[in-house]
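My questions will all concern the structure given below.
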Amino acid sequence: MGVPQLCDLAEGSPRDEPGGALARRVSPIAPRPVAISGLRRNSANSNLKKTRSPPRDLECMDGIWIISAAMKAVLEAVDPEVCEFRRCETVLPSGEAGRETWLCTINRAFVGAVDVEASERLDVRRNINGTLSLATHALTRLKFRTEVIGNAHLFHIGEMASAVFCDQTMKDACKAAGLKGVRFREISKS
């Protein structure tokens, strides 16, 4: 069996940007409006308006995923020990209960899992304390050390802990479940 293709798991196009043209990586980001209740503030006149699009299965806020029950089911089925979940109580403006929503954190991180020498277009920096910090770009291709990652389906890399990576198994499961707001970017070298 060959080395699994690994992907950089990213949330879908942000709703708060016109047309949602940019995709954000699943990483800590500046706080932004999150429409858990189905409402968001309109910056033009500060009135509350209903969002037209249904909630996505994956939102990210400050490195914590806000996920649907469908996303939780996929994560538990494919890699049950990697995530920690906390149920959210959501209430719609009408007072009715909102959809089942969960906070999720990825608890697996590997140090030394990236072969820096064999990777392409990877920014490598040495921190003040001597540890490495890695940064990727659109054209980056990482070479992972399979002896470090093993058969993990979802994980962080210690040298770039804000990014979340997955294998083809996780990607296929998300696609098969029809999840909304989950995007993938090929990141690994064959």
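The values are calculated or read from the model by the stated rules, or taken from the named source; none is laboratory data. Keep in mind it's a predicted model, so treat the numbers as computed, not measured. Glycine gets a Cβ as well: all are built from the backbone with ideal geometry, and neighbour counts include every protein chain shown.
Does Ala113 qualify as being without any contact (Cβ under 8 Å) to a residue 24 or more places away in the chain and out of contact with any Ser or Thr (no Cβ under 7 Å at 6 or more places or on another chain)?
no
So Cys60 ticks every box in (1) out of contact with any Phe, Trp or Tyr (no Cβ under 9 Å at 6 or more places or on another chain); (2) surrounded by 16 or more Cβ atoms within 10 Å (Cβ to Cβ); (3) at pLDDT 95 or above; (4) not polar (S, T, N, Q) but one. Which box is left unticked?
Cys60 satisfies all of (1) out of contact with any Phe, Trp or Tyr (no Cβ under 9 Å at 6 or more places or on another chain); (2) surrounded by 16 or more Cβ atoms within 10 Å (Cβ to Cβ); (3) at pLDDT 95 or above; (4) not polar (S, T, N, Q) except (3).
Please verify whether Glu120 is within 29 Å of Asp57 (Cα to Cα) and among the acidic types (Asp, Glu), treating the condition exactly as stated.
no
Is one or more of the residues making up the range 172-186 at pLDDT below 90 and at positive phi?
So far as the range 172-186 goes, yes, one or more of its residues are at pLDDT below 90 and at positive phi.
On to the next question. Just checking, how many residues over the range 136-154 are in a loop (DSSP other than H, G, I, E, B) and free of Cβ contacts under 8 Å to residues at least 60 places away in the same chain?
Total satisfying the criteria: 8.
Continuing with the same structure: It is to be established whether one or more residues within the range 96-104 are in contact (Cβ under 8 Å) with a residue 12 or more places away in the chain, part of a strand (DSSP E or B), touching a Ser or Thr at 6+ places or on another chain (Cβ under 8 Å) and crowded, with 16+ Cβ neighbours inside 10 Å.
Yes: the range 96-104 contains one or more residues that are in contact (Cβ under 8 Å) with a residue 12 or more places away in the chain, part of a strand (DSSP E or B), touching a Ser or Thr at 6+ places or on another chain (Cβ under 8 Å) and crowded, with 16+ Cβ neighbours inside 10 Å.
Kindly provide the set of residues from the range 162-176 that are assigned to a strand (DSSP E or B), of a type in the set (A, V, I, L, M) and within 14 Å of Val82 (Cβ to Cβ), ordered by number.
Within the range 162-176, just Val164 meets the criteria.
A quick yes/no check of all residues on (1) within 17 Å of the chain's Cα centre (by Cα); (2) assigned to a loop (DSSP other than H, G, I, E, B); (3) exposed (fewer than 15 other Cβ atoms within 10 Å of the Cβ):
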| residue | (1), (2), (3) |
| --- | --- |
| Gly130 | no, yes, yes |
| Leu134 | no, no, no |
| His156 | yes, no, no |
| Leu179 | yes, yes, no |
